[in-house]
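A quick write-up on the structure given underneath.
Rule-based calculations on the coordinates, nothing more; no lab input. Note that this is a predicted model, so its numbers are computed, not measured. Heads up, the Cβs are rebuilt from the backbone with ideal geometry, glycines too, and the neighbour counts pull from every protein chain shown.
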Amino acid sequence: TKKGEIFSTAEDNQTTVEIHVLQGERLMAAFNKTLGRFQLVGIPLAPRGIPQIEVTFDIDANGIVHVFAKDLGTGNEQKITITSSAGISDEEIEKMMKEAEVHVEEDKKKREEAEIRNNADNLIYSTEKSLRQLGDKLPSGERSNIESTISELKKALAGTDVEAIRQKSQDLMDASHKLAEAVYAQTTQKTTKAEESKGEKKVKPEEEEEVVDADYEVVDENE
């Protein structure tokens, strides 16, 4: 059995990622059993979300788990091997499955909260980045409004009110419409310039073929 997924960095200029291998049925990592940890180092400096880290789980016929982490940009790879003895007993598995059933709604709520927080954090990051690049194209009033809304969302993130985080995230998206238009316009402009720089060759229309008038005669073969 083999399965892989692509992940990325969570911070700008992050050069190391930690792979945390767990076993269990709960949605949140904290409630599952740790089987091992390892690090992939030497990731080139880049904005967060740019590096592509492929993590692959491979379980062989003997039940041994091989976990690989590969930086697709550099080819650098690290791995860990987990033997069956490092796992948990059948009794523990049954217990964990029952606990997962009991806490399913609670776990879903916690997972949803984590996703809302992650989305809000990503929204702040991308909006601040766009402001640095294109903020001068906005009226000062709109820019100030966006900056104020970012500040409000950061305050909400520091608290425990998930609905407040959700609402402030929506407020920031609404306030950033003009900024999004500026980003789109810049992207379109770059694409147009790139196409023009290719120096598309103009194809000359083929010369019109000369039409020759000629007399013709229909011959009746039966004559």
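Measure out, as a whole number of angstrom, how far apart the alpha-carbon centroids of the stretch 129-157 and the stretch 44-82 sit.
37 Å
Identify, among Ala120, Gly135, Ala175, the residue whose Cα sits farthest towards the positive end of the charge dipole of the stretch 105-192, taking +1 on the Cβ of Lys and Arg and -1 on the Cβ of Asp and Glu, with the dipole about the Cα centre.
The one lying farthest along the dipole's positive direction is Gly135.
For a quick check: with amide H placed at 1.01 Å from N, whose amide H comes under 5 Å from Leu35's, ignoring anything fewer than 5 positions away on the same chain?
Val21, Leu22, Gln23
What's the extension gain from Arg117 to Glu99 if we count 0.36 nm per residue and subtract their Cα-Cα distance? All intermediate terms of the calculation are to be shown ahead of the outcome.
Numbers: separation 18, 0.36 × 18 = 6.48 nm, distance 2.54 nm.
Difference between extended and current length: 3.9 nm.
Can you compute the equivalent ellipsoid semi-axes for the stretch 105-192, i.e. the square root of 5 times each eigenvalue of the Cα gyration tensor, sorted largest first and rounded to whole Å?
Values: eigenvalues 160, 44, 15 Å².
Result for the stretch 105-192: semi-axes of 28, 15, 9 Å.
Can you tell me the FRET efficiency between Asp174 and Lys108 if r is taken as the Cβ-Cβ distance and R0 is 35 Å, rounded to the nearest 0.05?
Values: r = 28 Å, r/R0 = 0.79.
The calculated FRET efficiency here is 0.80.
Say R0 is 25 Å: what FRET efficiency, to the nearest 0.05, do Ala61 and Thr34 get from their beta-carbon distance? Walk me through the intermediate numbers first.
Details: r = 25 Å, r/R0 = 0.99.
That gives a FRET efficiency of 0.50.
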